[in-house]
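Participant: Before I ask anything, here is the structure I am working with.
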There are 2 protein chains.
Amino acid sequence: MPSAKRAVPAVRVLPEPPDLPAPLPEPAAADLRLETVFGALSDPLRLFIVRRLLLESEEFDHPCGWFGLDRPKSSLTHHFKALREAGLIRQRQYGLERRSHVRVADLDARFPGLLDLVTAWTPPA
Amino acid sequence: MPSAKRAVPAVRVLPEPPDLPAPLPEPAAADLRLETVFGALSDPLRLFIVRRLLLESEEFDHPCGWFGLDRPKSSLTHHFKALREAGLIRQRQYGLERRSHVRVADLDARFPGLLDLVTAWTPPA
DNA sequence: CATGCAGTACGATTGGAGTCGTACAAACAA
DNA sequence: TTGTTTGTACGACTCCAATCGTACTGCATG
């Protein structure tokens, strides 16, 4: 049984309006690799980002400024790109902002239980 | 529900004979970190080792020669040490051999579902 | 004791990842 | 048009992990 929060998907998938900006380049669901996903999640900052998206995203995607991370912008670009290229998040460009959400359906299908581990994670002391 | 193979623990825990060699230094169960475990499993060779231990271990631990890995011994030492220090395997010295098994109970308690992901993994083409 | 075997220790090398400053591009608002 | 905002691109630096050769230790067996 998924956690209570996970019961509500972070992003609606079925009734997706067709006028969304195209996602940035990302691996297809069938090409997701467990070792690559593990590698992307071995960084505490990226684990924090994915967990926060899972726990606090309601129906909206979020730009990377939303996280309030105390890092230079060029560092954040690096980490969001790493997450996207590993297949963990999808990013779309909305005007100035590049908004992200977790690829919940793809990840649950390929790696059942993985996102529950991320949700249950707590940052180091 | 765990996979069929996982239903039989790789190593008996309860009726453990008290005359076993002491385990090599390893993190306590309470100190296991998800990001560290993910890091250890982001290497395909280590993923292969853990999966093989989960799938093919019956009641015995295995020395690293058992895997038939085509790597120099010094490389294998490196990877088994990485797995042990991340808390994924326990190693005991039996005469010449240093035998390993997965810390199934500890990992299932701290990260439920993780080992099922490893079991379901398939090496890259 | 002498030999052989499992595995370690150490060191060198290599490549890649994390970090960040600076300069720049694109979109929007006044 | 000019300025502001969001984020990228590029490059430099540092550090760590992966790889492996060589020498060594410790145990076992004849």
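The values are calculated or read from the model by the stated rules, or taken from the named source; none is laboratory data. Only a predicted model underlies this, so the values are computations on that prediction, with no experimental measurement involved. Glycine gets a Cβ as well: all are built from the backbone with ideal geometry, and neighbour counts include every protein chain shown. Each accessible area value is taken on the protein alone, full model and side chains, heavy atoms only, with ligands, DNA and RNA left out. Shrake-Rupley method; radii C 1.70, N 1.55, O 1.52, S 1.80 Å.
Participant: Taking the residues in segment B:58-81 that are outside any loop (DSSP other than H, G, I, E, B) and open to solvent by less than 30 Å² (accessible area, probe 1.4 Å) as candidates, determine which candidate is farthest from DNA strand D (Cβ to nearest atom).
Facilitator: That would be B:His62.
Participant: Looking only at segment B:34-57, how many residues end up being more than 11 Å from DNA strand D (Cβ to nearest atom) and part of a loop (DSSP other than H, G, I, E, B)?
Facilitator: Summing the residues that are more than 11 Å from DNA strand D (Cβ to nearest atom) and part of a loop (DSSP other than H, G, I, E, B) in segment B:34-57 gives 1.
Participant: Tell me yes or no: at least one residue of segment B:84-103 is more than 16 Å from DNA strand D (Cβ to nearest atom) and assigned to a helix (DSSP H, G or I).
Facilitator: no
Participant: Quick check on segment B:100-125: of everything there that is surrounded by fewer than 19 Cβ atoms within 10 Å (Cβ to Cβ) and either without any contact (Cβ under 8 Å) to a residue 40 or more places away in the chain or within 11 Å of DNA strand C (Cβ to nearest atom) (or both), which residue is nearest to B:Arg46 (Cα to Cα)?
Facilitator: Ranking the qualifying residues of segment B:100-125, first place goes to B:Thr122.
Participant: Within segment B:63-90, restricting attention to residues that are over 14 Å from B:Arg46 (Cβ atoms) and more than 7 Å from DNA strand C (Cβ to nearest atom), which residue is nearest to the other protein chains (Cβ to nearest Cβ)? Spell out the reasoning first.
Facilitator: In the first step, residues of segment B:63-90 are kept if they are over 14 Å from B:Arg46 (Cβ atoms); the result is B:63, B:65-66, B:68, B:70, B:72-74, B:90.
Filter again for more than 7 Å from DNA strand C (Cβ to nearest atom), leaving B:66, B:68, B:70, B:72, B:90.
Values: B:Trp66: 22, B:Gly68: 20, B:Asp70: 19, B:Pro72: 22, B:Arg90: 21 Å.
My answer is B:Asp70.
Participant: Let me ask something additional. Among the residues of segment B:92-114 satisfying the criterion of being out of contact with any strand residue (DSSP E or B) (no Cβ under 7 Å at 6 or more places or on another chain) and of a type in the set (A, V, I, L, M, F, W, C), which is farthest from the other protein chains (Cβ to nearest Cβ)?
Facilitator: The extreme case among them is B:Leu96.
Participant: Can I ask one more? Output the residues belonging to segment A:38-49 that are open to solvent by less than 10 Å² (accessible area, probe 1.4 Å) and either at the interface with chain B (Cβ under 7 Å from one of its Cβ atoms) or farther than 15 Å from A:Phe80 by Cβ (or both).
Facilitator: A:Phe38, A:Leu41, A:Leu47 - these are the residues of segment A:38-49 that are open to solvent by less than 10 Å² (accessible area, probe 1.4 Å) and either at the interface with chain B (Cβ under 7 Å from one of its Cβ atoms) or farther than 15 Å from A:Phe80 by Cβ (or both).
Participant: Within segment B:38-78, track down each residue that is over 19 Å from B:His101 (Cβ atoms) and among the hydrophobic types (A, V, I, L, M, F, W, C).
Facilitator: Matches in segment B:38-78: B:Phe38 only.
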